[in-house]
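The values are calculated or read from the model by the stated rules, or taken from the named source; none is laboratory data. It should be emphasised that the depicted structure is a prediction, and the values quoted were computed from it without experimental measurement. Cβ coordinates were reconstructed from backbone atoms using ideal geometry, including for glycine residues, and neighbour counts include every protein chain displayed. Side chains included, ligands, DNA and RNA excluded: accessible areas come from the protein's heavy atoms. Shrake-Rupley method; radii C 1.70, N 1.55, O 1.52, S 1.80 Å.
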Amino acid sequence: NRLERHKQYARTMQVYVYAGIFACLVCAIAVFIGRFSSKPNVTAKHVLSNKPKQPKIFSKQEVSQHNSREDIWVILNNKVYDISSYVEEHPGGDAILNNAGGDNTKEFHGPQHPARVFDMIDDFYIGDLDAPYQADAKKGN
């Protein structure tokens, strides 16, 4: 009788151990999938190099010079972003190049972008648009 209770206890504990291992595996897979499906493949070096200590100020002309696939800057809400490292990962393909070197604010806030885009754009921030150009942007120039 005592031996039977011990065997039953051992089987119950074994089930709990296997259930715990299974739960850990499911959680690890969920974290792995969530981490890599919601953010672009950006290296830590890129993120650190694009985070200035003091915001730099850029003119519209300065931003407009960065208008190629290899070197693309955009203006969003009077802030300047270097998205060069993201071009190849953009799910919309070459649509990202439509306003290269210019103001992308209207296009960026379109229905084609999922909510996570608004969180990840900060990784590419390099500075602000010069104040006189911000006034032009508000007027629609």
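So for 69, 11, what's the accessible-area order with a 1.4 Å probe, most first?
Numbers: 69 80, 11 120 Å².
If we order 69, 11 from most to least accessible, we get 11, 69.
Rank these residues by their accessible area, most exposed first, probe 1.4 Å: 118, 32, 108.
Working: 118 80, 32 130, 108 25 Å².
The residues order as 32, 118, 108, largest area first.
So how far apart, in nm, are the two label points at residue 30 and residue 120 if each is 7 Å from Cα heading toward Cβ?
Using points 7 Å along Cα→Cβ, the separation is 2.2 nm.
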